[in-house]
Amino acid sequence: MKKIWVLTVLILTSLIFAACSSDSANSDDGSDSEDSSEGEGTTVEIFSWWTGAGEEDGLLALIDLFKEKHPDIDVENAAVAGGAGTNAKAVLASRMQGDDPPSTFQVHGGAELNDSWVAADKMQPLDDFYEENDLMDKFPQDLIDLVSDEGNIYSIPVNIHRGNVIFYNKKVFEENNIEVPTTFDEFLAASEELEAAGVTPLALGDKNSWPATQILENILLAKLGPDDYKGLFTGDVAFDDSRVVESVELFGEMLNYINDDHASRVWQDAAQLVAEGDAAMTVMGDWAKGYFSNDLNLTVNEDFGYITTPETEGLFMVITDTFGLPKGIENEEETKEFLKVLASVEGQDTFNPLKGSIPARVDADESKYDEYGKDTMDDFQNAEALAPSIAHGSAAPEGFLTKMNQAVNIFVTQQDVDQLVNALVNASSEF
Amino acid sequence: MGTKQKKRKKFSKDQWLAIGFLTPSIVLIIIFVYGFISWTGYVSLSNWNTIVPDFSFAGLKNYLFLFSDFRFQSDLRNMLFFTILFIGAVILLGLCLAILLDKKIKGESFFRNIFLFPMALSFVVTGVVWQWLLNPSTGVNNFLKTFGIEPLWYTDTNILAGFQWGQIEFGVPVAIISIVIASAWQMTGFALAMYLAGLRGIPEELREAARMDGASELQIYRKIILPQLRPITASVVIMMAHISLKIFDLIYAMTGPGANFVTDVPGLYMFETTFRGNYYAHGAAIAIVMLLAVAIFIVPYLWNNRRADS
């Protein structure tokens with residue numbers, strides 16, 4: 001009997017152990033939400049991947065501004081570092097699937113918002129919020145469309161980056177007496193001359209394959225025009241359209257002028273080639289401007305210049321970070337207060353000069369921005385059309401982007417036009 | 001009466017105690033290891049290829065997709081040649097260094113520490129260091145340039161002895177050699193330590209006896225020492241195979257998937273397709289294929305051990 005008694009005790013203890021450890025495993029995941037619920041919903045948890053220089057300063061300044069206005073509300077900065085947002089998105093996905101959403105989170109406007117979280121019915125519409133705060137005419141209509149799905153608005157754009165920019169080394173072009181190209185013919189001719197002069201015409205760093213995808217998306221925008229470019233993702237234009245094939249062929253021609261060691265470089269390394277004069281141009285979003293001026297201490301329009309990618313003048317490839325309101329959070333009112341600050345001129349002008357982006361609002365204070373910023377704000381407000389970027393998740397779902405990146409990676413080496421076009425057609429069958 | 005008492009005594013007090021202490025960990029392992037393996041297997045047979053879970057049954061669709069996919073075929077090729085070259089390099093270098101150290105040289109412990117030290121680093125650190133060392137435009141090429149050779153290292157997209165097979169060119173990807181160098185640099189110390197322990201375990205009398213019989217040094221190594229080291233080699237192969245088949249961190253830090261996926265491995269593909277592309281079922285299927293690949297090495301080993309025990 002005694003032994004059975006001992007055994008029972010041991011088994012019970014072991015079960016308690018097991019229960020405890022699975023409990024603690026659960027609370028590891030859920031500790032954030034528990035913390036916020038303890039404070040009776042007075043903690044606003046802001047989820048982002050803004051941990052780099054500049055962007056983190058911007059976020060912290062924004063949080064300070066919010067605390068000034070609402071000293072009674074606590075803010076938790078739940079930023080996840082690494083992988084240009086990949087890690088953060090993975091953490092976000094598991095939290096959303098576990099019904100433990102952060103109060104508000106960073107998400108690129110467009111497909112990344114609409115085809116995932118809105119489609120999964122995890123977001124609250126913000127139409128009333130826009131009305132109450134008189135925001136409807138403060139953002140360009142194209143931008144509001146980008147954060148809307150079936151007539152409802154789902155998030156607040158905070159900043160704008162431009163994706164169709166070529167950064168070039170001014171001295172290289174001056175020394176070789178070459179004009180900066182504005183069409184693809186000029187681009188190829190200039191590349192030929194630059195190559196003859198011993199300079200790599202186009203710097204590419206595709207260790208991560210999206211910079212190559214970004215070149216292709218810019219060619220697609222130029223060749224299809226903004227409406228048909230958007231049509232690719234609504235099914236109105238097929239991916240085996242002759243203009244897509246032409247774009248891919250052109251992409252292949254441009255790849256003849258890239259640096260040999262592109263696969264060992266990331267975009268910063270490619271920008272460095274341009275800065276040092278080993279390469280003439282690089283196609284990159286305008287976060288590269290911050291890299292040139294802050295990290296490499298170069299002067300805009302003196303050491304390096306910028307121009308829109310060929311044949312996309314007047315068009316604006318837009319990458320926008322936005323914040324929305326998930327369903328099932330406890331502190332909706334407080335979170336809305338934070339979104340209000342985020343949407344205000346004051347909020348946007350606090351964040352963007354530090355991050356090196358331009359505000360999404362059209363009525364922001366231009367004097368707070370540098371020369372490039374002012375220039376881009378003019379372009380943004382007077383743009384013929386805004387186009388969503390594929391490479392940054394705005395035009396198409398992440399699943400399509402992953403497959404497109406893979407196909408582009410193969411194309412950069414094999415240069416098989418049919419193969420890439422087929423891969424795009426197959427990938428697009430999913431949306 | 002007698003038999004009943006015997007039954008009661010089947011487990012002694014110590015054994016009861018052991019069972020009691022083992023139960024929690026067994027329960028935990030069943031839930032958190034085997035439970036999650038089964039869960040992954042279940043997901044790999046589902047249609048969950050969006051951000052919203054969808055557990056409807058898909059059959060082998062995900063596996064069929066993967067085995068016809070250019071990237072996954074490249075991954076299997078890379079994994080195969082990486083494993084062969086990596087294990088070969090580690091065993092060969094580890095054995096040679098162990099034999100040299102076994103000569104009772106001066107400062108043996110100093111050298112042993114030097115060779116073992118890279119093991120103290122994490123693969124991520126190794127990856128970053130070797131990424132710069134083998135970068136075609138910086139690193140060792142600055143030195144090799146003086147001899148007129150400039151290898152492309154991990155940016156080389158050539159496939160040695162390649163022939164078309166399925167979607168891919170099947171052969172040894174040149175870029176993989178860079179990763180073999182980095183990983184062998186790190187893990188050779190482990191094989192060295194194992195072999196050194198093995199060599200110390202071979203009684204001196206055996207060599208003496210062979211020498212008395214007139215065997216040459218080479219014959220002693222070939223006929224006596226190496227056969228004695230066979231169990232050590234088996235352990236090293238198992239340890240290295242499970243590292244190389246599951247490798248992720250080193251390649252992620254060093255090269256990424258590489259141009260044309262010449263340095264891609266299933267681990268990288270699994271991570272990217274699951275957490276970037278939201279293809280959860282594809283990711284789960286890759287995980288199961290990796291599990292089976294490791295099982296090919298581990299299961300015979302465990303089987304052998306079990307037989308040896310009983």
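The values are calculated or read from the model by the stated rules, or taken from the named source; none is laboratory data. Predicted model only: the values in this text are computed from it and were never measured. Virtual Cβ from ideal backbone geometry, glycine too; neighbours counted across all protein chains shown.
Tabulated values for the structure
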quantity: Checklist (1) in a helix (DSSP H, G or I); (2) more than 30 Å from A:ALA263 (Cβ to Cβ) applied to B:ALA215, failing item; calculated: (1)
quantity: Criterion violated by A:GLY109 - all others in (1) farther than 24 Å from A:GLY347 by Cα; (2) out of contact with any Lys or Arg (no Cβ under 9 Å at 6 or more places or on another chain); (3) not aliphatic (A, V, I, L, M) satisfied; calculated: (1)
quantity: Set B:VAL52, B:VAL43, B:VAL33: member being outside any helix (DSSP H, G or I) and among the aliphatic types (A, V, I, L, M); calculated: B:VAL52
quantity: Qualifying residue in region A:181-199 (condition: closer than 25 Å to A:ASN297 by Cα, within 14 Å of another protein chain (Cβ to nearest Cβ) and not basic (Lys, Arg)); calculated: no
quantity: Yes/no for B:TYR301 being within 14 Å of chain A (Cβ to nearest Cβ) and either of a type outside the set (D, E, K, R) or free of Cβ contacts under 8 Å to residues at least 40 places away in the same chain (or both); calculated: no
quantity: Scope region B:219-257; condition within 11 Å of chain A (Cβ to nearest Cβ) and not in a helix (DSSP H, G or I); matching residues; calculated: B:THR255, B:GLY256, B:PRO257
quantity: Unmet criterion (only one of (1) closer than 21 Å to B:ASN78 by Cα; (2) surrounded by 14 or more Cβ atoms within 10 Å (Cβ to Cβ)) for B:ARG112; calculated: (1)
quantity: Pick from region A:92-148, criterion within 14 Å of chain B (Cβ to nearest Cβ) and among the charged types (D, E, K, R), ranking: surrounded by the fewest Cβ atoms within 10 Å (Cβ to Cβ); calculated: A:ASP121
quantity: Residue ID - surrounded by the fewest Cβ atoms within 10 Å (Cβ to Cβ), chosen from residues in region B:29-71 that are among the small types (Gly, Ala, Ser) and touching a residue at least 24 places away in the same chain (Cβ under 8 Å); calculated: B:SER68
quantity: Yes/no for B:LEU192 being more than 14 Å from chain A (Cβ to nearest Cβ) and over 26 Å from the mean Cα position of the chain (by Cα); calculated: no
quantity: Hey, A:SER155 modelled with pLDDT of 95 or more and under 30 Å from A:ILE46 (Cβ atoms) or not; calculated: yes
quantity: From A:VAL237, A:VAL245, residue being outside any loop (DSSP other than H, G, I, E, B) and either more than 23 Å from the chain's Cα centre (by Cα) or of a type in the set (D, E, K, R) (or both); calculated: A:VAL245
quantity: Exclusive hit being in contact (Cβ under 8 Å) with a residue 12 or more places away in the chain, in a helix (DSSP H, G or I) and within 12 Å of chain A (Cβ to nearest Cβ), set B:ASN260, B:ASN278; calculated: B:ASN260
quantity: Conditions (1) in contact (Cβ under 8 Å) with a residue 60 or more places away in the chain; (2) within 14 Å of chain B (Cβ to nearest Cβ): number failed by A:ILE358; calculated: (2)
quantity: Filter result (more than 14 Å from A:SER103 (Cβ to Cβ) and assigned to a helix (DSSP H, G or I)) within region A:63-79; calculated: A:ASP64, A:LEU65, A:LYS67, A:GLU68, A:LYS69
quantity: Residue ranges of helices (runs of 4 or more DSSP H) in region B:94-207 with at least 2 members more than 30 Å from A:VAL412 (Cα to Cα), in the same structural domain as B:MET240 (by TED's automatic domain parsing) and of a type in the set (D, E, K, R); calculated: B:108-116
quantity: Residue match in region A:226-248 (condition: surrounded by fewer than 21 Cβ atoms within 10 Å (Cβ to Cβ), within 14 Å of chain B (Cβ to nearest Cβ) and modelled with pLDDT under 95); calculated: no
quantity: Qualifying helices (runs of 4 or more DSSP H) (wholly inside region A:103-201; at least 2 residues being of a type in the set (Gly, Ala, Ser)); calculated: A:184-196
quantity: Any chance A:ASP99 is on the phi > 0 side of the Ramachandran plot and not assigned by TED's automatic domain parsing to the domain that holds A:LEU401; calculated: yes
quantity: Test: residue in region B:271-280 that is within 19 Å of B:ILE159 (Cα to Cα) and out of contact with any Phe, Trp or Tyr (no Cβ under 8 Å at 6 or more places or on another chain); calculated: no
